[in-house]
Ligand SMILES: *[C@@H]1O[C@H](CO)[C@@H](O)[C@H](O)[C@H]1NC(C)=O
Ligand SMILES: *[C@@H]1O[C@H](CO)[C@@H](O)[C@H](O)[C@H]1NC(C)=O
């Protein structure tokens, strides 16, 4: 009887210890912010100290020096990385990134993703096509989710030359040759000829489920905890700047913007955006300034909380 009591006493102590240790371990796990994967924009690279290098420093200073930040590099070197922003088809780039992410053991429990400019829509494609390892939150800064119709700084040209550039590019952008040659042509979106865009856009029309509905894209996108879209209110690079919030022109003209909740992609829920909105997973943020311009304070207040565990 006494022996029984004693063993059960030791037994209880042992169980308690195990519980405490388990608790401690899981506390450690939940307290560390998840790793971060970043994808740079066009004309930038993984590793310029003045661009994503600065962001990496900022992230570590706010979230802890031990935070794992992976700034994606496409190809073998910074040169191939730079060139890929123009000349390597997004489908190929996304495929390579999926491989890089699944081969990185540090990302196995999930990661947060931050896309800069076109890196935003590319990371969305990663979320939709490659659910392993899991992307937790997707943050796109100045992404072009509905593509672009216009050249950087177009409005600063005279209205007439801006308009004639657009029309000229319409002819070129949808040729097979351009679709395979120039990354930016794969998300050129002509509102004056939606049908041509849907047929010819070899990247954006696909990931937006505008060509046909890929149910896998919907299911995978909805796995995100949050999909955060940041719009720069004085952006002169992205035309129309509302593309950063997944909005675009009303069909058949290029002046009036259709609110997201009145657009067909949303109403018909072709991509799961409506379901995500209803589940409070879509977050729309603004930063006052031109393309990718934000202050340390703005980032700390708006983005850092999303990256915390
Ligand atoms: C849908 O997307 C998944 C993930 O990229 C892909 O494996 C599959 O082939 C696509 N299905 C169709 C019908 O295109
Ligand atoms: C769309 O959203 C706005 C608020 O952002 C709201 O005022 C409007 O009623 C909504 N329209 C529809 C059709 O749901």
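The values are calculated or read from the model by the stated rules, or taken from the named source; none is laboratory data. Remember, predicted model here, so these are calculated numbers, not experimental data. Cβ atoms come from the backbone with ideal geometry, glycine included; neighbour counts cover every protein chain shown.
Summary table
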| item | result |
| --- | --- |
| Test for residue 309: is it more than 16 Å from ligand 2 (Cβ to nearest atom), over 25 Å from residue 185 (Cβ atoms) and at pLDDT 95 or above | no |
| Residue match in the range 207-216 (condition: within 15 Å of ligand 2 (Cβ to nearest atom) and under 22 Å from residue 139 (Cα atoms)) | no |
| Restricting the range 234-248 to residues that are part of a loop (DSSP other than H, G, I, E, B) and within 16 Å of ligand 2 (Cβ to nearest atom), the residue that is surrounded by the most Cβ atoms within 10 Å (Cβ to Cβ) | 246 |
| Qualifying position, being more than 19 Å from the chain's Cα centre (by Cα) and loosely packed, with under 15 Cβ neighbours inside 10 Å, among 43, 53, 64 | 64 |
| Within the range 254-266, considering residues that are surrounded by 14 or more Cβ atoms within 10 Å (Cβ to Cβ) and part of a helix (DSSP H, G or I), the one nearest to ligand 1 (Cβ to nearest atom) | 265 |
| Matching entry among 271, 285, 292, 224 (being assigned to a loop (DSSP other than H, G, I, E, B), under 17 Å from the mean Cα position of the chain (by Cα) and more than 16 Å from ligand 1 (Cβ to nearest atom)) | 292 |
| Criterion (surrounded by fewer than 20 Cβ atoms within 10 Å (Cβ to Cβ) and either within 20 Å of residue 55 (Cα to Cα) or in contact (Cβ under 8 Å) with a residue 60 or more places away in the chain (or both)) met by exactly one of 87, 116, 122 | 87 |
| Pick from the range 204-221, criterion farther than 17 Å from residue 119 by Cα and under 18 Å from the mean Cα position of the chain (by Cα), ranking: nearest to ligand 1 (Cβ to nearest atom) | 216 |
| Test: residue 251 is surrounded by fewer than 21 Cβ atoms within 10 Å (Cβ to Cβ) and either closer than 20 Å to residue 283 by Cβ or touching a residue at least 24 places away in the same chain (Cβ under 8 Å) (or both) | yes |
| Among (1) farther than 18 Å from residue 206 by Cα; (2) assigned to a helix (DSSP H, G or I) - the single one residue 121 does not satisfy | (1) |
| Yes/no for residue 93 being modelled with pLDDT of 95 or more and in a helix (DSSP H, G or I) | yes |
| Leading residue by the ranking (surrounded by the fewest Cβ atoms within 10 Å (Cβ to Cβ)) among those in the range 67-84 that are out of contact with any helix residue (DSSP H, G or I) (no Cβ under 6 Å at 6 or more places or on another chain) and more than 23 Å from residue 291 (Cα to Cα) | 76 |
| Matching residues, the range 278-309, being under 20 Å from residue 41 (Cα atoms), surrounded by 14 or more Cβ atoms within 10 Å (Cβ to Cβ) and out of contact with any strand residue (DSSP E or B) (no Cβ under 7 Å at 6 or more places or on another chain) | 299 |
